[in-house]
Structure formats: structure tokens, C-alpha cells
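Read through the structure below, which is laid out as C-alpha cells, and then see the notes.
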Amino acid sequence: VVLTPMDGLTVVAGTGEKVNGTQMDDISTMGFTYTYGPVSAGYQVSEIDLAAANSGQAGDSETTYVGLAFNVNENLSLSYGEQETEIDGQSLDQELEGFSIGYSMGGISLKAHSNEGTGMGGTANNSSEHTEISVSFAF
């Protein structure tokens, strides 16, 4: 379901099932985005209930997403996002965060992003980092 109750606001919700071997996992999500002028913000919560969890096997998860973007002007944009996933049976939450910047001038674009994740898969000492800078030219 997608609703737009007012200018700039979009509300979404959905549910479904996914086949996991011979079992059916339940999936649900809901969230919103709001844009006002050059600023956009979003929030979303998703949940996966594993069919295997009914047999005593842990693994259900709930994930929360938050994002913010700002168009400084027609050439420069900045964004930041976070994601936190709580996995049943794991003592540690998986946390991700990242930011990006993009600048364009005529046919030249410069983009950069940096992302970091900790507690990957709910496991201590399991982290990931990625940073990238790119330049592109259009002729």
C-alpha cells in the first residue's frame, strides 16, 4: 500500500510471504518519506518471522532504517543513513551507517561515500567498512 496523504509525504506498508525451503517466512514492512524543499527524510521498519523459529530455531529479525538527504543547491547533495537489525538469538545488534556526497559541474561529477557496519550478522568483532570516491565525465 502506498499513500500520499499530503504534499511531500509518502506512507508505505506491505506484507508477504517468502518460501524458505519447505517453510514459509512472514515478511512485513512500513515506513514513510517526507520531502520539504531541499530536505528529504525517511523512516522504515521491517520484520521477518522465520517459519523455522516456530520449531525453536532462532533467527527472526527486525530492522529499522533512517535516512536524511539535503540538496544544498542544484550541484551539491549530501545524505546520511542508518540501519539497525535485531536478530533473535543474537546478543549483539547489527548496525550500519553511511554518508555520501555528490557534486556536479557541467559534464563532470564527483561522488564519494563511506559506509561502516558493526556486529554483522549479530556477531561481535565482525565489521565492514567501505569508502569510495568516483569521478565521471560526460562528453
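A few notes on this one:
- Radius 11 Å from Cβ of Ala51, net charge of other residues (Lys, Arg +1; Asp, Glu -1): -4
- Per residue accessible area in Å² of the chain, where ligands, DNA and RNA are left out and the probe is 1.4 Å: 68 Å²
- Debye intensity ratio I(q)/I(0), log10, the chain, q values 0.11, 0.16, 0.17 Å⁻¹ (C-alpha model): -0.58, -1.01, -1.06
- Ranked packing of 9-18, 86-95, most packed first, by mean Cβ within 10 Å: 86-95, 9-18
The values are calculated or read from the model by the stated rules, or taken from the named source; none is laboratory data. The structure displayed is predicted, hence computed values, not measured ones. Note that we place each Cβ from the backbone using ideal geometry, even for glycine, and neighbour counts take in every protein chain shown. Accessible surface is based on the protein model in full, side chains and every heavy atom, while ligands, DNA and RNA are left aside. Shrake-Rupley method; radii C 1.70, N 1.55, O 1.52, S 1.80 Å.
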